[in-house]
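Worksheet: the structure to be examined is printed underneath.
The values are calculated or read from the model by the stated rules, or taken from the named source; none is laboratory data. Predicted model, so just to flag it, every value in this text is computed and none were measured. Backbone-built Cβ (ideal geometry, glycine too); neighbour counts: all protein chains shown. Side chains included, ligands, DNA and RNA excluded: accessible areas come from the protein's heavy atoms. Shrake-Rupley method; radii C 1.70, N 1.55, O 1.52, S 1.80 Å.
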Amino acid sequence: MQSGVAGKTILIVDDEFGILEVVEFILSDAGFKVVSALNGQDALAKLEETIPDLVIVDFMMPILDGAGVIKAMRADARFCTIPVILTSALPENTIKERCQGYQAFLRKPYKTERLMEEVARLLSSAEEPT
């Protein structure tokens, strides 16, 4: 892990508890503070409690899907600049028209190395002066 990115807070949103648990373990083990939510509505409530440095959100979820979470984030000045990794079992080209505003896409199942590369890349670029 690159220096400066460990210790950051990451919100993970996925309705598949097994995936949520594994990703939470991987990121916690890498030194990140992890907040998790099982659906989009829960994610928006968690955003009110803690403003994360990065959000990893699944596209297909009950109650409020990933597109709805991202849309709500982009409409709120407090969250509009937080980088987002969108995940889905669907290919990106099938959801691109229904979901904008994310900075990286991971197709499930994804490798841990790929997840960690995207996390490091987005957190590092978020720290760079604009």
List the pairs whose first member sits in the stretch 97-110 and is more than 15 Å from Ile12 (Cβ to Cβ), whose second member is modelled with pLDDT of 95 or more and open to solvent by 100 Å² or more (accessible area, probe 1.4 Å), and whose Cβ atoms are under 9 Å apart, counting only residues at least 6 apart or on separate chains?
-> Cys99/Lys71; Gln100/Lys71; Gly101/Lys71; Gln103/Arg121
Restricting attention to the stretch 75-93, and to residues there that are open to solvent by 70 Å² or more (accessible area, probe 1.4 Å) and either touching a residue at least 24 places away in the same chain (Cβ under 8 Å) or not aliphatic (A, V, I, L, M) (or both), which single residue is farthest from Leu38 (Cα to Cα)?
-> Asn93
Residue check, Lys108 open to solvent by less than 40 Å² (accessible area, probe 1.4 Å) and over 12 Å from the mean Cα position of the chain (by Cα) = yes
Which residues, taken from the stretch 21-35, are under 11 Å from Gly7 (Cβ atoms) and buried (at least 16 other Cβ atoms within 10 Å of the Cβ)?
-> Ala30, Phe32
Verdict on Thr87 being among the hydroxyl-bearing types (Ser, Thr, Tyr) and more than 23 Å from Gly7 (Cα to Cα) = no
Exclusive hit being at pLDDT 95 or above, in contact with a Phe, Trp or Tyr (Cβ under 6 Å, 6 or more places away or on another chain) and within 15 Å of Thr9 (Cα to Cα), set Val84, Val35, Val119 = Val84
Specify which of the listed residues (Thr81, Thr87, Thr94) is in a loop (DSSP other than H, G, I, E, B), on the phi < 0 side of the Ramachandran plot and of a type in the set (Ser, Thr, Tyr).
-> Thr81
List, please: which pairs have Cβ atoms under 7 Å, are six or more places apart or on different chains, and start with a residue in the stretch 46-74 that is within 11 Å of Tyr102 (Cα to Cα) and of a type outside the set (D, E, K, R) and end with one that is part of a helix (DSSP H, G or I) and open to solvent by 40 Å² or more (accessible area, probe 1.4 Å)?
-> Val69/Leu44
Every listed condition ((1) part of a helix (DSSP H, G or I); (2) open to solvent by 10 Å² or more (accessible area, probe 1.4 Å); (3) of a type in the set (Val, Ile, Thr)) holds for Ile70 save (2)
